[in-house]
1. Give me the 1.4 Å probe accessible area per residue for the chain, excluding ligands and nucleic acids, in Å².
2. So how compact is the stretch 62-202: Cα radius of gyration and Dmax in angstrom?
3. Under the rule of -39500 (n - 2.57) per DSSP H run of 4 or more residues, summed and divided by the residues of the chain, what mean residue ellipticity at 222 nm is obtained, to the nearest 500 deg cm²/dmol?
4. Using only Cα atoms, figure out Rg for the stretch 178-241 and give it as a multiple of 2.2 N^0.38 Å.
5. Report, to two decimal places, the Cα Rg of the stretch 192-284 normalised by 2.2 N^0.38 Å (N = number of residues).
6. Normalized C-alpha radius of gyration of the stretch 214-265, against 2.2 N^0.38 Å?
7. Along the charge dipole of the stretch 99-203, pointing to its positive end and built from +1/-1 on Cβ of Lys, Arg, Asp and Glu, which listed residue (196, 107, 162) has its Cα farthest out?
8. Translational D (Stokes-Einstein, µm²/s) of the stretch 138-228 at 25 °C and 0.890 mPa s when Rh comes from the Kirkwood sum over C-alpha pairs?
Amino acid sequence: MNRVIFFICLLLAIVSIFINLQKFNLSFPPDFRQGAYSILLKAENELSSSKIDAAIEDFKIAMMRAYRCGRKGVFERIKIRLATSGHSLIDKDAEGASRLLIAYSLFGRDFDKSATKTEGFILEKTKGKIWKFEYPLIYKDGKRTFWLDSPKTAPLFFYSKLKSDDELYRFAGNISYLRVGKIPLDYYFSFFYGTSIGCLSGMKETKIVVRSNEEESFGFVLGTNNRSKFFTNMKNPWVIKKGENEFKIEQQFDYFVINSVIILSNDLRQKKVNVWLIREYKPL
């Protein structure tokens, strides 16, 4: 009997060794093997040199690579690094710290909750000297969203020739919640920018500020989670003129999402435009 137990234990030990050897022989994950996250070292060096905006860009590149590779853990760790670096920098460079914490909030699952918490921290630490918080949605003169996506174009003039009840999910351009009959007739093209502002329990009153460098006016539409009208002002797009254009979003008391921005134009030229979500605090 003792001999049987001995051989069973020996067999289990051999199997265990074999399994562990197999694990060591597994190929190194391709994203790590290709140095996808080496840019994090560059970001840290930029932080040390007070190059805050460059550091944020490189942190974001690493986050997007992690997201595309399904590395949720890596993604979360980099996001937390944005928060911790902002927290540690606040006494030395409040402006730089606020930009890091703004970036952290824009990646939050609940934007309003993250933003309110970080804004409160900055307000307290700066004794109210920083009271205006600008969250970039579209930047680099319309070339990218904050989440590094470029716009997707759709030929509205072609879609308008279809039957009015045809649904646009079958066509390019990402305006998939619309039927042909809902397309504004004043514009020929659309430029779709995907955004990621989710607020699980509502959102405080905010402003959308559109800064245009274009001589000619164009249309601007905001996409939300409203089931009755996914694009809140598609019927009457905001008209954007050269300079700064400001629009208010009333306080939201339930689950609320800003999932896209659509620019409407009469030509295929990408517009030089930057879009910000702005939250302000007034002194008591």
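The values are calculated or read from the model by the stated rules, or taken from the named source; none is laboratory data. Remember, it's a predicted structure, so these values are computed and weren't measured experimentally. No Cβ is skipped: glycine too gets one built from the backbone with ideal geometry, and neighbour counts run over all protein chains shown. Heavy atoms of the whole protein, side chains included, go into the accessibility calculation; ligands, DNA and RNA do not. Shrake-Rupley method; radii C 1.70, N 1.55, O 1.52, S 1.80 Å.
1. Per residue, the chain has an accessible area of 59 Å².
2. Spelled out, the Cα radius of gyration and Dmax of the stretch 62-202 are 19.4, 61 Å.
3. -11500 deg cm²/dmol
4. 1.25
5. 1.13
6. 1.23
7. 107
8. Translational diffusion coefficient: 163 µm²/s.
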